[in-house]
1. Inspect all residues belonging to the stretch 158-167 and state whether any of them is more than 24 Å from D19 (Cα to Cα), away from ligand 1 (no atom under 11 Å from the Cβ), modelled with pLDDT of 95 or more and surrounded by fewer than 17 Cβ atoms within 10 Å (Cβ to Cβ).
2. Name every residue in the stretch 12-55 that is under 23 Å from L198 (Cα atoms) and surrounded by fewer than 16 Cβ atoms within 10 Å (Cβ to Cβ), in order of residue number.
3. Taking the stretch 1-34 as the search range and keeping residues that are among the small types (G, A, S) and more than 16 Å from ligand 1 (Cβ to nearest atom), which one is farthest from L166 (Cα to Cα)?
4. Kindly establish whether G88 is farther than 15 Å from G177 by Cα and within 15 Å of ligand 1 (Cβ to nearest atom).
5. Inside the stretch 1-24, can you point out the residues that are closer than 21 Å to L81 by Cβ, part of a helix (DSSP H, G or I) and touching a residue at least 60 places away in the same chain (Cβ under 8 Å)?
6. Go through the stretch 71-89 and report how many residues are aliphatic (A, V, I, L, M) and over 22 Å from I139 (Cβ atoms).
7. Please enumerate the residues belonging to the stretch 96-124 that are within 16 Å of ligand 2 (Cβ to nearest atom) and either over 15 Å from G79 (Cα atoms) or surrounded by fewer than 17 Cβ atoms within 10 Å (Cβ to Cβ) (or both).
8. Looking only at the stretch 48-64, count how many residues are touching a residue at least 12 places away in the same chain (Cβ under 8 Å), part of a helix (DSSP H, G or I) and over 15 Å from the mean Cα position of the chain (by Cα).
Amino acid sequence: MNGDFIDALIAAAHSTISDHADELTRLDQAIGDGDHGINLKRGFDALLADREAIAGLGYPEALHKAGMTLVMKVGGASGPLFGSLLMGMAKAAGRGEDLASQLGEGIEMVKKRGKSDVGAKTMLDLLVPVHEALAAGRIDDLPQVADDAVVRTRDMQAMRGRASFLGERSIGHDDPGASSARLLVHAVHRLLGERGIL
Ligand code: ADP
Ligand code: MG
């Protein structure tokens, strides 16, 4: 994994989060405090500003540094969680494991950090099915799996995070964190396809 590719990953992630920041904020206005788009935009702006330094690192170190940046800059609940995802991926990447194993380890870190699991209407409801599809080699299905996963969060009642304060009133809305994770899955999948990596 070379620096040019890491640079392109950061640019792609930044671009989709910027383009959809208002939409993410609207989703968080419905069942949270309306800061999810702003939070993530701040984090990915910081990643973009730091892209040269990050792209100059090896792939595992770059993942770790990007995770730390998200923890520090995104804030809210989602900053430490997206940060944990990348730092967990970095650990597995450091052991030379493949992308599916990296994502698996990242998910374990998110579960631990958030004391959560699937079914609680969070980003995990997106990440876990995407990981299952990736581990099964269903690469072409990833965007669709991500889209379907967000739709499934709509009928769930939030059991974690701010949305859980709404109880049953959290039902009927897409989860903001699952929605932002969906955008990132689309962006990474597109880039890996363009580069002929997947
Ligand atoms: P905050 O809730 O602090 O305002 P954000 O609005 O940035 O933070 O992020 C909200 C998102 O974070 C939710 O939509 C959900 O996907 C995710 N989230 C919140 N708590 C948890 C948790 N314990 N485990 C996993 N994801 C969580
Ligand atoms: Mg919020």
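1. Yes, the stretch 158-167 contains a residue that is more than 24 Å from D19 (Cα to Cα), away from ligand 1 (no atom under 11 Å from the Cβ), modelled with pLDDT of 95 or more and surrounded by fewer than 17 Cβ atoms within 10 Å (Cβ to Cβ).
2. Answer for the stretch 12-55, where residues must be under 23 Å from L198 (Cα atoms) and surrounded by fewer than 16 Cβ atoms within 10 Å (Cβ to Cβ): just S15.
3. G3
4. For G88, the condition - farther than 15 Å from G177 by Cα and within 15 Å of ligand 1 (Cβ to nearest atom) - is met.
5. L9, A12, A13, T16, I17, E23, L24
6. Here is the first cut: in the stretch 71-89, the ones aliphatic (A, V, I, L, M) are 71-72, 74, 77, 81, 85-87, 89.
Filter again for over 22 Å from I139 (Cβ atoms), leaving 71-72, 74, 77, 81, 87.
Residues that pass the stated criteria total 6.
7. Once the filter is applied, which keeps residues that are within 16 Å of ligand 2 (Cβ to nearest atom) and either over 15 Å from G79 (Cα atoms) or surrounded by fewer than 17 Cβ atoms within 10 Å (Cβ to Cβ) (or both), the stretch 96-124 yields S116, A120, K121.
8. Qualifying residue count for the region: 10.
The values are calculated or read from the model by the stated rules, or taken from the named source; none is laboratory data. Keep in mind it's a predicted model, so treat the numbers as computed, not measured. Every residue, glycine among them, receives a Cβ derived from its backbone with ideal geometry; neighbour counts consider all protein chains shown.
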